Amino acid sequence: MTAPSTTARKGGRWIEQWDPEDTAFWERQGKRIAGRNLAFSVLSEHIGFSVWSLWSVMVLFMGPEYGVDPAGKFFLVAVPTLVGAVLRIPYTFAVARFGGRNWTVVSALLLLLPTAAAATVMHPGTSYTTFLVVAALTGVGGGNFASSMTNINSFYPLRKKGWALGLNAGGGNIGVPVIQLVGLLVIGVAGAGRPRLVLAVYIPLIVIAAVLAALRMDNLAPVRNDTGAAREAARDAHTWIMALLYLGTFGSFIGYSFAFGLVLQNQFDRTPLQAASLTFIGPLLGSLIRPVGGRLADRIGGARVTLWNFAAMAAATLVVVQASVTRSLPVFLAGFIALFVLSGLGNGSTYKMIPGIFQAKAVARGLAGEEAAAYGRRLSGAAMGLIGAAGALGGLGINLAFRQSFQATGSGTPAFCSFLACYALCSVVTWAVYLRRPAPTARTAERTRSEPAYAEV
């Protein structure tokens, strides 16, 4: 194994050779280089998530003088999820086109656009259309997740991907509760009339993240865009099955994160300060536990963890429905925070399943060793962009469901009932596709020998 060389070609730091599946190379230097890139990837993605969820905080500052009703606010926080979901696909391919380090710098600097625009328009009298356009700009923060995860996926060996991807995503997800804590601090200290103070915190942080990425991260020269892999991943049924499961986990996390404060204000008549004092708790716990979901998946299998997680999410939703009907705030908070924790756990386990599934397919095709690992990386990297985009659309669906529910009934109960049905469907799909064992007949035994074993993914 030739040591990786870092050269200044194509305008940045490039590592020419990279083989994380080689244990000797990994222990000698790969682990250190991957860890450094992971750390600065987490920082940039963390700020990206904060900017993506910016309007979940801004709506708490929008009192009656802004002239926006609850349905309008739910739609306002839904728009960034749609834009972020769409951008995740081109952001996935940008890593190979420009280099992971180079694109991290560019994607971080792009965050200046929505923050500066929000600072300009955040005052009473601004038209609702203008608010929608500026909110849509924050979708660039959602795109950061896809490029960051694709980049880190290339740095780590399969045996470490669950933990590494969970840590990368979890550190990014924490950007949601952190900006909500900043919003709480501003409302508590300066009042609900000073939203620009939140933006004054983040604009310099964006610049710092971009500079550190430029100085400390690397590009991997062996990573190349493979349109054939993208087409193959898009044709593979497992890509869309995992998209459904990730929609149930990450879609829940990001959708609830954006909507939590508005639900508290409209369902339980909380003031902006009271809502802000509670909204960060669920996203924080869900973010912190995401790496645990990846680690559990590494140890006992992602499909098993995912199945039991969806069952638990359905149970927590039943608690929320009951609390919503009886208007019991303590029980509602307990159930809702449990949903955040479980969605975070499921985020880690489902994302671990992706490289495992395509590695299993490689083995089923008769590949072995580095050839199988290369096939798995090729297909899983392409699939992650599609799956991540679909998962983010779940956040759009949740906020639109809340909008319709409150508009029609003045309560979030119908929306929660629809979420319960979704978790039940995801449980059935996980069991049927990745855990169910057919009856051991001669025909099925012969077929099983040539098919991947998905129970351990």
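The values are calculated or read from the model by the stated rules, or taken from the named source; none is laboratory data. Remember, it's a predicted structure, so these values are computed and weren't measured experimentally. Using ideal geometry, Cβ is built from the backbone for each residue, glycine included, and neighbour counts are taken over all protein chains shown. Just so you know, the surface numbers come from the protein's heavy atoms only, side chains and all, with ligands and any DNA or RNA stripped out. Shrake-Rupley method; radii C 1.70, N 1.55, O 1.52, S 1.80 Å.
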Given (1) in a helix (DSSP H, G or I); (2) modelled with pLDDT under 95; (3) farther than 30 Å from G141 by Cα, where does G395 come up short, assuming only one miss?
-> (3)
What do you reckon, is F93 assigned to a helix (DSSP H, G or I) and either charged (D, E, K, R) or over 25 Å from F74 (Cβ atoms) (or both)?
-> yes
Number of the condition not met by I152 [criteria: (1) part of a helix (DSSP H, G or I); (2) under 14 Å from M58 (Cβ atoms)] = (2)
Could you give every pair whose Cβ atoms fall below 6 Å, whose first residue belongs to segment 171-193 and is more than 23 Å from V42 (Cβ to Cβ) and in a loop (DSSP other than H, G, I, E, B), and whose second residue is open to solvent by 20 Å² or more (accessible area, probe 1.4 Å) and of a type outside the set (A, V, I, L, M), counting only separations of at least 6 or pairs across chains?
-> A192/P272
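So that you can scan it fast, the table gives a plain yes or no per residue for (1) closer than 12 Å to L288 by Cα; (2) open to solvent by 10 Å² or more (accessible area, probe 1.4 Å); (3) not aliphatic (A, V, I, L, M):
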{"site": "I152", "(1), (2), (3)": "no, no, no"}
{"site": "Y156", "(1), (2), (3)": "no, yes, yes"}
{"site": "L167", "(1), (2), (3)": "yes, yes, no"}
{"site": "G170", "(1), (2), (3)": "yes, no, yes"}
{"site": "N173", "(1), (2), (3)": "yes, no, yes"}
{"site": "V176", "(1), (2), (3)": "yes, no, no"}
{"site": "L181", "(1), (2), (3)": "no, yes, no"}
{"site": "L184", "(1), (2), (3)": "no, yes, no"}
{"site": "G188", "(1), (2), (3)": "no, yes, yes"}
Tabulated pairs, segment 20-44, first under 24 Å from V211 (Cα atoms), second hydroxyl-bearing (S, T, Y) and at pLDDT 95 or above, C-beta under 6 angstrom, 6+ apart or interchain = S44/T104
Picking from R88, R28, R36, R32, the residue that is of a type in the set (D, E, K, R) and touching a Lys or Arg at 6+ places or on another chain (Cβ under 8 Å) would be R36
Which is buried (at least 19 other Cβ atoms within 10 Å of the Cβ), touching a residue at least 12 places away in the same chain (Cβ under 8 Å), closer than 28 Å to L38 by Cα and among the hydroxyl-bearing types (S, T, Y), of T317, T306?
-> T306
Out of all the residues in segment 209-237, which are closer than 21 Å to Q359 by Cα, part of a helix (DSSP H, G or I) and open to solvent by 30 Å² or more (accessible area, probe 1.4 Å)?
-> T227, R231, E232, A234, R235, A237
Which one of the conditions (1) part of a helix (DSSP H, G or I); (2) in contact (Cβ under 8 Å) with a residue 40 or more places away in the chain; (3) open to solvent by 40 Å² or more (accessible area, probe 1.4 Å); (4) of a type in the set (A, V, I, L, M) does I206 fail to meet, given that it meets all the rest?
-> (3)
Of everything in segment 244-277 that's touching a residue at least 60 places away in the same chain (Cβ under 8 Å) and open to solvent by 10 Å² or more (accessible area, probe 1.4 Å), which residue is nearest to L181 (Cα to Cα)?
-> S277
Scan segment 97-144 for residues that are basic (K, R) and either surrounded by fewer than 19 Cβ atoms within 10 Å (Cβ to Cβ) or within 16 Å of M62 (Cα to Cα) (or both) and report the count.
-> 1
